[in-house]
């Protein structure tokens, strides 16, 4: 008898969901995992930079100014999960050329541009993000894009892992 093992996409997406549980954003929990040759290079979640108070403690600038999701990204004390994963790799001297991103959410245009420059070749995500410019840039750059239905994951919440 053999047990059912998750495929690699599912495996890394489940890790991204666990990473997202570290998010300090009050609006959205996002986790990102940069992978190359089935090895994790770095992880990131959305939250404020090191030594800066997090939104779950200081409050959300975007909420206090009634800024809709997907607009005015510069008015936020936090960095996106994808940017934090790239920064973590860079700060540890880890090359990202040829990497794949596994992320709980589809990247925004700012993260997409950073991922292209970091050498990302494939993006696998669970939840869509309404950013047509990001999708257009991904397609133009040749990045392979795959959305996985979150309902098809064997574990759908972090709490299911701790029960």
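Descriptive notes on the structure:
- Residue pairs meeting the criteria (Cβ under 7 Å; at least 6 apart or on separate chains; first farther than 20 Å from residue 19 by Cα, in the range 140-163; second modelled with pLDDT of 95 or more and in a loop (DSSP other than H, G, I, E, B)): 143/120; 143/121; 144/121
- Of all residues in the range 129-163, those being modelled with pLDDT of 95 or more and part of a loop (DSSP other than H, G, I, E, B) number 3.
- Residue that is farthest from the chain's Cα centre (by Cα), among those in the range 62-74 that are touching a residue at least 12 places away in the same chain (Cβ under 8 Å) and closer than 27 Å to residue 33 by Cβ: 62
- The range 51-98 - residue that is surrounded by fewer than 14 Cβ atoms within 10 Å (Cβ to Cβ) and either closer than 12 Å to residue 115 by Cα or in contact with a helix residue (DSSP H, G or I) (Cβ under 6 Å, 6 or more places away or on another chain) (or both) and, of those, modelled with the lowest pLDDT: 75
- Among residues of the range 29-56, those that are part of a loop (DSSP other than H, G, I, E, B), more than 11 Å from the chain's Cα centre (by Cα) and in contact (Cβ under 8 Å) with a residue 12 or more places away in the chain, counted: 6
- Of all residues in the range 12-47, those that are closer than 19 Å to residue 147 by Cα and modelled with pLDDT under 95 total 2.
- Residue in the range 112-128 that is more than 15 Å from the chain's Cα centre (by Cα), surrounded by fewer than 20 Cβ atoms within 10 Å (Cβ to Cβ) and assigned to a helix (DSSP H, G or I) present: yes
- Checked against the criterion of being free of Cβ contacts under 8 Å to residues at least 60 places away in the same chain and more than 15 Å from residue 33 (Cα to Cα), the range 94-107 has no qualifying residue.
- Residues of the range 99-111 classified as more than 11 Å from the chain's Cα centre (by Cα), buried (at least 20 other Cβ atoms within 10 Å of the Cβ) and under 23 Å from residue 28 (Cα atoms), total: 1
- Residue within the range 10-22 that is in contact with a strand residue (DSSP E or B) (Cβ under 9 Å, 6 or more places away or on another chain) and closer than 21 Å to residue 97 by Cβ present: yes
The values are calculated or read from the model by the stated rules, or taken from the named source; none is laboratory data. What you are looking at is a predicted structure, and each value in this text was computed from that prediction instead of being measured. FYI the Cβ positions are ideal-geometry reconstructions off the backbone, even for glycines, and counts take in every protein chain you see.
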